[in-house]
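Input: a single structure, listed below in structure tokens.
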Amino acid sequence: MTELERLQKAKIPCPETGIEIRHTVCDICTPGPQCGIDAFIKDGKVIKVEGTDGFPTNDGVLCTKGAASRQYIYREDRLKTPMKRAGARGEGRFEPISWEDAMAVCAEELNKVKANHGPEAVTFLCGYSKWFRPWLQRLAYSFGSPNYITESSTCHTAEVMSYTSLFGTYSMPDLRNAKMIMSWGSNGVINSYPMGRAVLAMKAQGGKLVVIDPRRTHLAVKYADLYLQPKIGSDAAIAHAMAKIMIEEERYDKAFVDKYCYGFEKYANYVSHFSLSRAEEISGVPAGDIRKALDMFLETDPSTVLPGNGLTHRINGYNIHRAILSLMALSGRYDRPGTMMPARKTLCESDAGFDSLEHDFYMSRWPQNARPRVGSERFPLWTKLLHDRQGQGMDLIRHMEEGTPYPLKAMVCFGVNDRMYLESPRFLAGLDRMDFVVATDIFHTDVINHADIVLPASTSFERSEVKCYMGQFLYYTRPAISPVHDNKDDVEIITLLANALDLDDDLLRSGYDKTVQHMLSTSGIEDWEAVKNSPLPVRAPNAKRYIPGTQLREGFKTPTGKIELSCSVLEEIGRPDLDPLPIHKSSDDDADPAKYPFVLMSGARIPNAVHSRTHNVPWLRSLRPNPSVDINPADAERLGIKQGDTVRIVSTVSSITVKANISSISNVGDVNMFHGYKEANINSIIPVDHLDPYTGFPGYKQLRCRIEKVEDRP
Amino acid sequence: MKYVFVLDESKCVACSACAVACMDQNDIDPLAGDIPFRAAFVDEQGPVEDPKFTFLSIACMHCENAPCMIACPTGCLKKDPETGFTVFDNTNCIGCHSCAMACPFAQPCFNDNSGKMTKCDGCVERVKRGMQPACVKVCPFGALSLVSESEYQELMRTDARKKISYKILD
Amino acid sequence: MRKFAIIGFGCAGYNGAKSLREHAPNVVIDVFDPSRRSPFNPMLSTYHAAGKLPYDAVFPFGSLEEICRALDLNYFSENVLEVTADRTIRTESDLYRNYDGILLATGADAMVPGSLRCSGNRWFTMRTLDDALALRQHLDTNQVRSAAVVGGSMVGIKVAELLHSEGVNVTIVDAASHLFPLAAYESTARFIQRQLENKGLGFRFDAKVTAIDEDGIAFADGSALQADLVCLCIGTRAGTRSFRNSSVQIGHAVVVNSHMETSVPGIYAAGDCCEGINLQTGKTAVIGLWANAAMQGACAGANMAGDHADCPGNILHNITRFFDMDFISLGDITLPGCKHLFDCPEFFVSLVMDGNTLQSVNVVGNYRVSGILKHHLVKQLTGGASTTFTPAQRGLLERNGLPREFIQLIGGSPNDRA
Ligand SMILES: Cc1cc2nc3c(=O)[nH]c(=O)nc-3n(C[C@H](O)[C@H](O)[C@H](O)COP(=O)(O)OP(=O)(O)OC[C@H]3O[C@@H](n4cnc5c(N)ncnc54)[C@H](O)[C@@H]3O)c2cc1C
Ligand code: SF4
Ligand code: SF4
Ligand code: SF4
Ligand code: SF4
């Protein structure tokens, strides 16, 4: 090999090889980290990626998924051109059409539905992606429909509801300053490594870590000073037992509670029924360990819980999450460095140190007299508590099937994944009943096959976007490559739609650059070109570090102005099945335990996947090629199941067939399965009404099931 | 300067980011049955009530008296004098797999259809230009590092934590 | 200045000279080999004859001039005819020289029993480069339709593969009852035989060859096999003829200890001409392998220079690739124990365990597990039978297709679980 060949093979960026580095961000595990990427470009193509040194979230490193960015953006199944349906719905036959024609069809069909059935009959549905959400929400509202629904109906909003009902605002544990962390149902090292790194940094500085998790996670086995392995769904009982001790032994922060908390008496009375022995009986965790965990939590200050998102994926999940947060209030650990801190969102769920006009951007177009949005009557707490007025998508299947309180006739889908929905085939059947479906996506998904018009979207590498980062950073990317196919970015598509629909909304019709600068006009940034030219994130002039204690001083944005240990909104709603207190209750479905002896937990992250979006990335798929269920070795032995055997997971509604992965990551009696696989979609076996009545969230992480060994035919 | 790859077992979570970075760096195509030159995995042992987990990332150890090099009948494998990495030129490789049987770590691969040996070359060209190996650079937990031989000796002396280098079998 | 002689310049001789030079920069090193070629790898003979490797590539250490220059060697292209106990040698040209140390590295010759020697030009052996060139030339200039390969050994199979790829109808003949009698369990051998039969190869076992003639071969039972070409691959004979008067102890080959020293002080031996320690039996035996020759040569060279290097011994092991199939054999297959098998569509591993001790292994179709298994076997012999796999080894074995239970069986500790 010549020297040049060696350089080329090693992909060394230099004038000789013609390989240059351009900066962009990874949008695979959106929206949290969105790590900085150095894209190695040769002849207009990405030939390799690396993390950007000095970037606020990742400083040069990447996670498993981000490292596979190249294959993600060049996935074989990317949509390549706008298409219109040529065969029957679901058949997957399409013909290419031009962007102009596609827009004309969309405008005509959507306006037709609006004219015949009202604007509410059109639902604007968004999948996992976050970066274009304010635009899509404004599109829906300007169109006149209140039905803007996102994947957050199953992901993050329940947490927001829990935080909001207690503290009046979304909050986050301040991991950087904590000296002790009680990680509760969170495996930070895998699900979001910057968070994991913060936990490990705390440990490295001599801090203590308690892990409470039904799964024996990486964090539990490697880093925990104390590990509690509760039965799935028993967490509230543990939290209550801790609260009881704190109150009875007068170890809670009485001054704080007196001054800032509402509903203490009721709450104290309720938790007084949770003795350590009762908690042990419910959770299977030795009483001594519960006390030890509490001691560690109280004896270190500042300390914080780190509640995992998955806690809310049980049908009593909202209460479980609140029960855990209550410990923060009780111990006076709120709005101080190293405890739970109020969080701000500047743009698309992330914070750049200043308040933007994002909320106003879409809420100013809220259709005042529209009929109620999807899910709003079924889930009154959702409707009353949330400021941003999304619909609760978990009521969508029912709404589509029953057509009440009014029929839904058209869907505008952006990155929608049917496998997010319980009994997912019913979602696709619902789509097929629509008069018109337009679907935008990066990839040719199953939902695409059910659309009338298909619009190809871009990845973060091909677009320009603003992203905010903790630490008051703001980043305006430039495209690292031109579109791989005849695709456009989502906001461009929204802008085209707004224009085609001839909406009375000049701002939205003006495109990304103008609208984002409008939303961020509070930043103090004058020269946006300079921001765009910066290779690394910048600080906006108006960005300010939050001063701890501000919230305590200014009062909480709850109806009572206090931290609500009993939720006043629920008191007002007054429905008997919705308790204002964070009660403990089983999150099981009512399947017969004799027939369905296992408890299924689904959706906990594996390193090589986020939902379904990386299952078709060969590098990532090769790391764990088969959909597989984690079964405890003791259970496996009892059932005669060996590593790699084929097994069936059976629920009351359906079953899927997967491989067995024998591992004590699963507790005895529990099984654990990752989601989003086309050939083994775990959500297809969860009953459609297995929902938390408070939040509408699906019980992804607790369902009775049975494991059957399938004899492989030779 | 001679280098040693070191894995700090206490930091590795077997996330395989390193394996993916290796695939990106070396254009590995799993659809063609190819595998990366680095692999991460979890090993679980001991009683069910109190299992012991080990998290590992393994690639070529660039052994000192590289058994693969000694075994190769055609002299494909060599020690790079500058870095000490076990590098290769597979022009004359006959695909006999002798190197594979000699290697204690199952490292030599026969990735493409040519039947010729490939393996981790320590990202030698990057290292020679002051860059880190792709797998080391990506690791989100700083578990993997490339250290000079003297730093390595120092590390072994001062740091009692379990580290893996080519002495892994001992 | 001290003077040393290396007799035979193959793999062992080369590595001996290299190591000696590294350890003793200032000594005189005389190398004797009649070939006038740089060290050749006999294993490449069939590849070269098959046209798969160019001429230059069969010399893995480079050209003779370069080597002699780099290592500062005096090369004598002649046979050494005699070595005596006082470390004096005599060469073909009647050169007599006395040395401070001598390395015997004469390798081995293809074995040809006198009774099978025949005049014609249609029979071959396969060891040297000249053997390869002769066979190639014959194939290029003659119509060869059928061939008999005598000896179902590793060399035999490679020759059969080469001939088969040239469109020749090949029959493998062996006095033993199955292929690879020294390396394969009968079940493994039968499996491989079936695969090869499917490709069109013929076999005749339990067949004692009594004569080779112009028509082919004749068997002891009176039958005959017509063949246009015969290749004898029935093993090798260590090249020890010249050392008979040296009073070094000779069994099947020159006997050495773990320092590669013969029974005569100052005379060392390495490679196929010697028998080192077989770790499994504790006795000395020829383990005629390229890597073994390299390590023995390096060890001998270091010790000749006055260092204290050790070659603790080796196990029988072999990996042979033919017809896109890998056959790996580890350890002495005659050792007793309980047989275990893991079989899947892609490969199988069959092995013998005596209690917790791994005795021998046959693998077909999975080269990736072979290195770990080999090192396990060696480590068990040097470090004790209770040796267990490390987490890395377990992970790599599982990743390469072995089931946990099987891994556990071979190298699990009593406390471990699958
Ligand atoms: C077809 C074939 C396939 C093989 N396959 C494998 C395999 O897959 N794996 C493996 O590990 N091994 C294999 N081997 C064996 C391996 O090639 C030998 O073990 C190795 O080459 C031995 O090296 P050596 O230096 O001891 O002997 P040699 O390579 O035989 O070298 C001996 C040298 O000594 C010279 N010499 C001999 N007598 C004298 C004398 N009296 N005076 C001076 N010089 C003399 C000879 O000319 C020769 O150059 C194979 C061998 C063959 C023939
Ligand atoms: S990237 Fe780092 S933590 Fe992840 S498997 Fe590799 S070495 Fe371990
Ligand atoms: S390939 Fe194997 S034997 Fe060769 S240097 Fe790497 S680890 Fe060592
Ligand atoms: S497979 Fe290739 S590199 Fe490996 S030992 Fe054989 S010839 Fe050498
Ligand atoms: S050093 Fe380079 S080639 Fe080797 S494992 Fe790491 S990335 Fe792969």
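Quick look at the values:
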read-out	value
Residue within segment B:76-92 that is facing chain C (nearest Cβ under 8 Å) and either more than 13 Å from ligand 4 (Cβ to nearest atom) or of a type in the set (A, V, I, L, M) (or both) present	no
Looking only at segment A:562-580, and only at residues there that are open to solvent by less than 20 Å² (accessible area, probe 1.4 Å) and aliphatic (A, V, I, L, M), the one that is nearest to residue A:687 (Cα to Cα)	A:578
Any strands (runs of 3 or more DSSP E) falling wholly within segment C:1-92 and containing at least 1 residues that are under 19 Å from residue C:299 (Cα atoms) and within 16 Å of ligand 5 (Cβ to nearest atom)	none
Filter result for the condition that a residue is more than 29 Å from residue A:134 (Cα to Cα), assigned by TED's automatic domain parsing to the domain that holds residue A:195 and without any contact (Cβ under 8 Å) to a residue 12 or more places away in the chain, over A:266, A:259	A:259
Flag if residue A:655 is in the same structural domain as residue A:688 (by TED's automatic domain parsing), open to solvent by 10 Å² or more (accessible area, probe 1.4 Å) and among the small types (Gly, Ala, Ser)	yes
Of all residues making up segment A:249-265, the number that are part of a helix (DSSP H, G or I) and surrounded by 14 or more Cβ atoms within 10 Å (Cβ to Cβ)	4
Every residue from segment B:3-55 that is more than 23 Å from residue A:66 (Cα to Cα), assigned to a strand (DSSP E or B) and within 9 Å of chain A (Cβ to nearest Cβ)	B:44, B:52, B:53
Filtered residues of segment C:49-83 (kept if in contact (Cβ under 8 Å) with a residue 60 or more places away in the chain and touching a Pro at 6+ places or on another chain (Cβ under 8 Å))	C:79
Tally, over segment A:536-556, of residues that are within 30 Å of residue A:476 (Cβ to Cβ) and open to solvent by 70 Å² or more (accessible area, probe 1.4 Å)	6
From the options A:383, A:304, residue that is in a strand (DSSP E or B) and among the polar types (S, T, N, Q)	A:304
Those helices (runs of 4 or more DSSP H) lying entirely in segment A:1-87 with at least 1 residues open to solvent by 20 Å² or more (accessible area, probe 1.4 Å) and within 13 Å of chain B (Cβ to nearest Cβ)	A:3-9, A:69-73
Qualifying residue in segment B:58-66 (condition: hydrophobic (A, V, I, L, M, F, W, C), farther than 23 Å from residue C:370 by Cα, away from ligand 1 (no atom under 16 Å from the Cβ) and within 8 Å of chain C (Cβ to nearest Cβ))	no
Residue in segment C:337-349 that is least open to solvent (accessible area, probe 1.4 Å), counting only those that are touching a strand residue (DSSP E or B) at 6+ places or on another chain (Cβ under 6 Å) and of a type outside the set (Phe, Trp, Tyr)	C:349
Cross-chain or 6+ apart pairs with Cβ under 9 Å, segment A:405-419 first and without any contact (Cβ under 8 Å) to a residue 40 or more places away in the chain, then small (Gly, Ala, Ser)	A:418/A:424
Count of segment C:380-416 residues which are modelled with pLDDT under 90, open to solvent by 40 Å² or more (accessible area, probe 1.4 Å) and within 8 Å of chain B (Cβ to nearest Cβ)	1
Test: residue B:15 is within 15 Å of ligand 4 (Cβ to nearest atom) and either without any contact (Cβ under 8 Å) to a residue 60 or more places away in the chain or open to solvent by 10 Å² or more (accessible area, probe 1.4 Å) (or both)	no
First in segment C:282-305 and hydroxyl-bearing (Ser, Thr, Tyr), second anywhere and surrounded by fewer than 23 Cβ atoms within 10 Å (Cβ to Cβ), Cβ under 6 Å, 6 or more apart	C:284/C:255; C:284/C:275; C:284/C:277
Scope segment B:1-16; condition more than 16 Å from ligand 3 (Cβ to nearest atom) and under 20 Å from residue A:623 (Cβ atoms); matching residues	B:9, B:11, B:12, B:13, B:14, B:15, B:16
Subset of segment A:589-605 (residues that are at pLDDT 95 or above and either out of contact with any strand residue (DSSP E or B) (no Cβ under 8 Å at 6 or more places or on another chain) or open to solvent by 40 Å² or more (accessible area, probe 1.4 Å) (or both))	A:592, A:593, A:594, A:595, A:597
Verdict on residue B:86 being away from ligand 3 (no atom under 11 Å from the Cβ) and touching a residue at least 12 places away in the same chain (Cβ under 8 Å)	no
Residues located in segment C:224-259, provided they are part of a loop (DSSP other than H, G, I, E, B) and within 24 Å of residue C:164 (Cα to Cα)	C:227, C:228, C:233, C:234, C:235
Breaking point among (1) within 14 Å of another protein chain (Cβ to nearest Cβ); (2) surrounded by fewer than 16 Cβ atoms within 10 Å (Cβ to Cβ), for residue A:220	(2)
Test: residue in segment B:94-111 that is within 11 Å of ligand 5 (Cβ to nearest atom) and under 17 Å from the mean Cα position of the chain (by Cα)	yes
Flag if residue A:413 is assigned to a strand (DSSP E or B), touching a Ser or Thr at 6+ places or on another chain (Cβ under 6 Å) and assigned by TED's automatic domain parsing to the domain that holds residue A:518	no
Residues located in segment A:681-695, provided they are open to solvent by less than 20 Å² (accessible area, probe 1.4 Å), farther than 12 Å from residue A:422 by Cα and not hydroxyl-bearing (Ser, Thr, Tyr)	A:692
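Every residue, every condition in (1) open to solvent by 20 Å² or more (accessible area, probe 1.4 Å); (2) under 30 Å from residue A:4 (Cα atoms); (3) touching a residue at least 12 places away in the same chain (Cβ under 8 Å), yes or no:
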residue: B:51; (1), (2), (3): no, no, no
residue: B:54; (1), (2), (3): no, no, yes
residue: B:66; (1), (2), (3): no, yes, yes
residue: B:99; (1), (2), (3): no, yes, yes
residue: B:106; (1), (2), (3): no, no, no
residue: B:115; (1), (2), (3): yes, yes, yes
residue: B:122; (1), (2), (3): no, yes, yes
residue: B:133; (1), (2), (3): no, yes, yes
residue: B:137; (1), (2), (3): yes, yes, yes
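Here is a yes/no grid of residues against (1) within 22 Å of the chain's Cα centre (by Cα); (2) touching a residue at least 60 places away in the same chain (Cβ under 8 Å); (3) not in a helix (DSSP H, G or I):
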| site | (1), (2), (3) |
| --- | --- |
| C:152 | yes, no, yes |
| C:155 | yes, yes, no |
| C:179 | yes, no, yes |
| C:192 | yes, yes, no |
| C:203 | no, no, yes |
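The values are calculated or read from the model by the stated rules, or taken from the named source; none is laboratory data. These numbers were taken from a predicted model, which means no experiment stands behind them. Neighbour counts are summed over all protein chains in view; Cβ atoms, including those assigned to glycine, are modelled from backbone coordinates with ideal geometry. Accessible surface is based on the protein model in full, side chains and every heavy atom, while ligands, DNA and RNA are left aside. Shrake-Rupley method; radii C 1.70, N 1.55, O 1.52, S 1.80 Å.
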